[in-house]
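Everything below concerns the one structure shown next.
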Amino acid sequence: MLIIRCPYCGERPELEFAYGGQAHIARPLQPSDQNDEDWNVYLNLRANPKGWHSERWRHIHGCARFFNAVRDTRTDHFLATYKMGEPAPEVPST
Amino acid sequence: MTRRYSALSLLREGVNGQRGWEPAWRNPQAKARYDAIVIGGGGHGLATAYYLAKNHGLTNVALVERGWIGGGNTGRNTTVIRSNYFFPASAAFYDFSVKLYEGLSKELNYNIMFSQRGMWTLAHDRHGLEMARRSANAMLLNGIDAEFHDEPSVRARIPGLNPDPRFPILGGINQPRGGTARHDAVAWGYARAASALGVDIIQNCEVLDFIIEGGRVRGVETSLGAMRSDRVGMAVAGHSSVIAAKAGLRLPVSSYALQAFVSEPVKPCLDTVILSPATGTYLSQSDKGELVIGAGLDLYLSYAQRGSLPWMERAAAGVVELFPRFSRLRFLRQWAGIVDVVHDSTPILGPTAVDGLFINCGWGTGGFKAVPAGGWCLAHLMATGESHPLARAFGIERFETGALIDEASASGIAH
Ligand SMILES: Cc1cc2nc3c(=O)[nH]c(=O)nc-3n(C[C@H](O)[C@H](O)[C@H](O)COP(=O)(O)OP(=O)(O)OC[C@H]3O[C@@H](n4cnc5c(N)ncnc54)[C@H](O)[C@@H]3O)c2cc1C
Ligand SMILES: [Zn+2]
């Protein structure tokens with residue numbers, strides 16, 4: 001069982017959380033200017049690294065708030081979790 | 001030396017003290033140049049190598065596997081084979097695969113133990129029932145065998161179902177031609193047959209990079225050195241994004257862990273395959289007697305190949321809910337594989353932006369059933385440069401054109 005630290009509530013079991021995909025993706029400001037290729041990038045193409053990944057989680061069965069996390073997808077080890085709007089922590093190079 | 005497997009050769013070797021068997025496949029040195037290179041020694045890569053040789057006469061072929069063949073998802077899956085899809089393009093493709101499976105033991109001279117014991121999807125509420133009817137109708141329209149059953153008929157066919165379940169069993173659909181096969185045998189059978197036709201199967205050899213010159217693939221860099229070829233096919237499942245990135249490609253693929261486990265072996269008690277989407281589990285019984293139980297995806301990116309505890313618990317609870325009599329069985333083994341999930345649960349099989357580099361991935365949680373057809377179509381593409389008619393709709397360009405084949409929402413194909 002993963003133990004995940006909600007930045008608002010503290011450490012809780014994985015059961016209470018929902019994964020929210022890659023973090024720091026912004027919706028295009030001018031949707032009408034986007035072509036098919038841009039939409040593909042925005043809708044479908046996501047980082048899928050074997051290593052550190054910045055991602056969103058939601059403490060859905062707790063405070064229900066979204067927050068960000070950096071996790072190593074090789075081990076599922078969390079480097080850090082942080083509130084929305086806070087700068088991302090520095091990610092190790094490997 | 002005994003090559004062909006038959007009752008006669010068994011008898012002869014029995015009398016000769018089993019001394020004449022030769023290894024099922026050769027263990028060759030990698031050559032510097034090939035006519036085609038296939039990356040990934042799972043079912044899809046091995047089948048591709050075999051059909052390159054068998055269907056297209058290309059025998060100067062290398063299959064490069066980082067670990068041992070069948071050590072990826074092919075050796076980790078729960079071996080359910082079926083073609084109960086919704087859209088015509090998927091149904092045609094997967095049913096072609098089931099048909100190839102029906103003749104595969106003979107084709108490869110290797111017993112893959114394909115047992116067409118039927119494959120049931122249970123409906124636990126009114127909406128599930130409506131989806132089941134719709135799904136059965138779609139299958140019949142696609143020319144695939146399907147039976148809709150009401151509750152008494154489900155219970156008559158599957159003894160031992162919980163008489164008083166929390167999630168009522170209202171009905172279900174059966175695909176009688178569905179079933180299971182021995183996963184290792186599929187990998188080994190293709191490897192043996194491909195090797196006999198001249199394919200070099202190179203294990204413990206990791207592809208580290210591509211050799212690309214002028215936008216065209218010219219080979220691969222591996223842990224055993226460079227191998228050149230103007231045609232490279234990749235079938236690396238959960239590692240597709242990682243390998244594609246070496247060629248500068250981005251894929252709409254997410255890698256997730258999917259887990260399964262088996263119980264201790266018991267006497268035969270379940271002679272079909274049962275999927276219960278509502279309780280989050282599916283199960284069958286292997287020929288050894290173990291119950292083979294599959295859980296859901298851990299829905300966060302991972303290459304850790306473990307499988308989470310909550311999902312394991314949920315699947316186990318689902319089994320006990322369906323069959324209270326299994327509640328005292330002990331677990332024997334648990335494992336996970338890293339699967340390559342795409343939004344529409346339809347494979348990606350086609351050319352890439354790099355000339356000569358072809359891709360086979362996106363099988364997600366259900367690509368074992370597709371092994372023969374996936375290999376057939378990737379071989380066709382690599383040999384002729386043209387997509388096989390059965391795989392034409394599976395190109396990666398669909399994510400840009402929007403022509404998705406959304407089996408995820410249409411047939412409720414898991415995840
Ligand atoms: C628990 C579980 C249950 C499943 N149940 C079913 C089921 O019941 N029915 C069904 O149809 N499907 C099922 N699946 C899905 C199915 O297993 C896969 O879709 C299928 O096996 C994929 O085959 P493949 O050949 O593409 O991949 P794999 O068998 O994973 O082969 C890919 C190979 O590529 C190799 N590789 C990776 N990187 C490199 C590199 N750099 N160089 C060289 N080689 C490399 C890997 O080592 C691996 O052997 C299940 C999967 C899992 C994990
Ligand atoms: Zn919280």
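The values are calculated or read from the model by the stated rules, or taken from the named source; none is laboratory data. Model, not experiment: these values are computed from the prediction. Backbone-built Cβ (ideal geometry, glycine too); neighbour counts: all protein chains shown. Note: accessible area is taken over every heavy atom of the protein model, side chains too, but ligands, DNA and RNA are not part of it. Shrake-Rupley method; radii C 1.70, N 1.55, O 1.52, S 1.80 Å.
Within segment B:39-55, is even one residue aliphatic (A, V, I, L, M) and open to solvent by 50 Å² or more (accessible area, probe 1.4 Å)? No, segment B:39-55 has no match at all. Just one residue in the set A:Gln22, A:Gln30 is within 24 Å of B:Gln305 (Cα to Cα) and open to solvent by 50 Å² or more (accessible area, probe 1.4 Å); that residue is A:Gln22. Being away from chain A (no Cβ under 14 Å) and not polar (S, T, N, Q) is the requirement here; does B:Leu249 meet it? So B:Leu249 fails the test.
Any idea which residue in segment A:14-43 is nearest to A:Tyr82 (Cα to Cα), counting only those that are touching a residue at least 24 places away in the same chain (Cβ under 8 Å) and among the hydrophobic types (A, V, I, L, M, F, W, C)? Once the filter is applied, the top-ranked residue is A:Ala23.
In segment A:58-81, the residues that are open to solvent by 70 Å² or more (accessible area, probe 1.4 Å) and in a loop (DSSP other than H, G, I, E, B) form Cβ pairs under 9 Å with partners that are within 16 Å of ligand 1 (Cβ to nearest atom) and of a type outside the set (Gly, Ala, Ser), at six or more places apart or across chains, as follows: A:Arg74/A:Lys50; A:Arg74/B:Tyr303. For segment B:259-307, a residue qualifies if it is among the acidic types (Asp, Glu) and not in a strand (DSSP E or B), and the qualifying residues are B:Glu264, B:Asp271, B:Asp287, B:Glu290. Of all the numbered requirements in (1) more than 21 Å from A:Pro92 (Cα to Cα); (2) more than 14 Å from chain B (Cβ to nearest Cβ); (3) within 17 Å of the chain's Cα centre (by Cα); (4) of a type outside the set (Val, Ile, Thr), A:Pro28 misses one, and that requirement is (3). When B:Ala193 is tested against (1) within 14 Å of ligand 1 (Cβ to nearest atom); (2) part of a helix (DSSP H, G or I); (3) under 21 Å from the mean Cα position of the chain (by Cα), exactly one condition is not met: (1). Of the residues in segment B:108-118, at least one is in a helix (DSSP H, G or I), modelled with pLDDT of 95 or more and more than 26 Å from B:Glu321 (Cα to Cα). What number of residues in segment A:1-24 are part of a loop (DSSP other than H, G, I, E, B), hydrophobic (A, V, I, L, M, F, W, C) and either under 16 Å from the mean Cα position of the chain (by Cα) or more than 8 Å from every other protein chain (Cβ to nearest Cβ) (or both)? Result for segment A:1-24: 4. The set of residues in segment B:131-140 being in contact (Cβ under 8 Å) with a residue 12 or more places away in the chain and either within 16 Å of ligand 1 (Cβ to nearest atom) or surrounded by fewer than 20 Cβ atoms within 10 Å (Cβ to Cβ) (or both) consists of B:Met131, B:Arg133, B:Ala138. Annotation note: of B:Ser229, B:Ser254, B:Ser195, the sole residue that is under 29 Å from B:Gly307 (Cα atoms) and among the polar types (S, T, N, Q) is B:Ser254.
None of B:Gly128, B:Gly103, B:Gly160 is over 20 Å from B:Thr346 (Cα atoms), crowded, with 18+ Cβ neighbours inside 10 Å and among the small types (Gly, Ala, Ser) except B:Gly128. Screening B:His239 on (1) near ligand 1 (Cβ under 9 Å from one of its atoms); (2) in a strand (DSSP E or B); (3) within 14 Å of chain A (Cβ to nearest Cβ); (4) not basic (Lys, Arg) shows it passes everything except condition (2). In segment B:257-272, of all residues being open to solvent by less than 30 Å² (accessible area, probe 1.4 Å) and not aliphatic (A, V, I, L, M), the one that is farthest from the other protein chains (Cβ to nearest Cβ) corresponds to B:Thr272.
Note on segment B:273-315: residues that are without any contact (Cβ under 8 Å) to a residue 24 or more places away in the chain and either facing chain A (nearest Cβ under 10 Å) or closer than 27 Å to A:Phe17 by Cβ (or both) total 3. Is at least one residue of segment B:221-228 part of a loop (DSSP other than H, G, I, E, B), over 27 Å from B:Glu22 (Cβ atoms), of a type in the set (D, E, K, R) and more than 16 Å from ligand 2 (Cβ to nearest atom)? Scanning segment B:221-228, I find no residue that is part of a loop (DSSP other than H, G, I, E, B), over 27 Å from B:Glu22 (Cβ atoms), of a type in the set (D, E, K, R) and more than 16 Å from ligand 2 (Cβ to nearest atom), so the answer is no.
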